[in-house]
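*Asks:* First the structure, then my questions, so here it is.
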Amino acid sequence: MKQIKTILLGIFLCLPFFAFAKEAAVNEADYSITIFYNDTAAPGDAVFVRMKFSQQGKKNKVSKEEFSSTTGRLELSLDGKVLRYADFYVIEDAKSKNSLTLLAGIPLSSWWTEGTDFKLTAKYNLYGKKQYELDLPFSLVHKDFVSETIELDARNTSIKTDTSTTRMTQIDRLNEILYTINTAGVYQTESYTPPTTATRRTSFFADRRVYQYTNGKSSTSLHYGIDYGIPKGSDVRACAKGKVVLAESRVSTGWSVVIEHLPGLYSLYYHMDELKVKEGDMVNEGDLIGLSGMTGLATGPHLHWEMRLNGEAVSPDFFTTDFTFAAQDK
């Protein structure tokens, strides 16, 4: 087990609480590692770890190819069992053979509670050879979630209970996209921006919902994103640079767009009235991607904004912070 030195670095906002960004360092004779990560998070947020490898000294330097073969894995464990893991991917491969920056993120279930003794471990294979492990102090803080009952009319009841082949195929296709991790898909590592300038939220991330149907039955589920109460026809803009990987009309979510931003990280925009992009398009942060509406399962005009990390819904507010520590690693 490598010895690391941790330094209290600074503060970034991770709603609804302030969390401290941690810096950890490993110094060896022939290389050093600077690590940035969030040592606290709320249920439904994520933990990201940025590892910058640097060669030092002249005695044991290796080639750029060998240095770039360094890989790693981030693991979150409880009572010796790995609950979540994610492989590190390269976000900055400098022209110099002396520097390599890796990033990994793990989604945290909104059902987890604070006080649980999680263990965060960064593993890395230096030069693709010997494996090392770093234990990083991490804890979960308390967060309250909204509970609500939504009464659906006949149209929305029909959508929510639809078991048609069309709807099931759409769900399967979306899940296939959201669980895809394309290590070459590194488009934006700086903090993201909300897709609308509106601030009125009609629903929040991870609301505990009961849907009441017109036939007297009901079902329960989580709300996976944030709903903005905006008029039909309002601008909807990309929260960050990325590639459009889905742009179509869906039974449940109406006119929808999904954008890939980082390996395993996607933003989703639902219930729009009109799309301004198509699958395969590249977009920049702030580009117009559609106009809001109330298509699909909707009780009124609004925009649903969602973020998925490794297939799991994560609070969109988390990504409006410096979640990759790009500003810290300057």
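*Asks:* Express the carbon and sulfur contribution to the solvent-accessible surface of the stretch 180-330 as a percent, rounded to the nearest whole number, probe 1.4 angstrom. Provide the component values of the computation, followed by the final result.
*Replies:* Numbers: 2710 of 5640 Å².
Whole-percent figure for carbon plus sulfur exposure: 48.
*Asks:* Rounded to the nearest whole Å², what accessible area per residue is found for the chain with the 1.4 Å probe?
*Replies:* Numbers: 14770 Å² over 330 residues.
That works out to 45 Å² for each residue.
*Asks:* Tabulate in residue order the Karplus-calculated ³J(HN,Hα) for the stretch 267-284, using 6.51 cos²θ - 1.76 cosθ + 1.60 with θ = phi - 60°, rounded to whole Hz; enter x for Gly and Pro.
*Replies:* Along the stretch 267-284, the couplings run 10, 10, 9, 10, 6, 6, 8, 7, 9, 10, 9, 9, 4, x, 5, 9, 10, 9 Hz.
*Asks:* What figure, in Å² to the nearest 10, do you get for the accessible area of Val90 with a 1.4 Å probe and non-protein molecules left out?
*Replies:* 60
*Asks:* Using only helices, what value at 222 nm comes out for the chain when you add -39,500 (n - 2.57) per DSSP H run of length 4 or more and divide by the total residues, to the nearest 500 deg cm²/dmol?
*Replies:* It lands at -2000 deg cm²/dmol.
*Asks:* For the peptides 304-310, 119-125, what is the packing order when you average, over each peptide's residues, the other Cβ atoms within 10 Å and list the highest mean first?
*Replies:* Working: 304-310: 23.4, 119-125: 19.0.
Top of the packing list down: 304-310, 119-125.
*Asks:* Checking the table Lys61/Lys130; Lys64/Lys129; Lys22/Lys52; Lys130/Lys330; Lys52/Lys143; Lys119/Lys243 against a 24 Å threshold on Cα-Cα, which pairs fail?
*Replies:* Lys130/Lys330; Lys52/Lys143; Lys119/Lys243
*Asks:* What order, most packed first, do the peptides 213-221, 281-289 have when packing is the mean number of other Cβ atoms within 10 Å of each residue?
*Replies:* Descending mean neighbour count gives 281-289, 213-221.
*Asks:* Would you please name the trypsin sites (Lys or Arg not before Pro) within the stretch 242-307 that are DSSP coil residues with at most 16 other C-beta atoms within 10 Å of their C-beta?
*Replies:* Loop-located and lightly packed - Lys278.
*Asks:* Highest first, please rank the peptides 257-270, 101-114 by the mean number of other Cβ atoms sitting within 10 Å of their residues. Spell out each step's value before the answer.
*Replies:* Details: 257-270: 24.9, 101-114: 19.9.
In decreasing order of mean packing, 257-270, 101-114 become 257-270, 101-114.
*Asks:* Using the scaling law 2.2 N^0.38 Å as the reference, what is the normalised Cα Rg of the stretch 153-222?
*Replies:* Here the answer is 1.56, to two decimals.
The values are calculated or read from the model by the stated rules, or taken from the named source; none is laboratory data. Just so we're clear, the structure is a prediction, and the values are computed from it rather than from any experiment. Ideal geometry is used to build each Cβ from the backbone, glycine not excepted, and the neighbour counts take in all protein chains shown. Note: areas computed on protein heavy atoms with side chains; ligands, DNA, RNA excluded. Shrake-Rupley method; radii C 1.70, N 1.55, O 1.52, S 1.80 Å.
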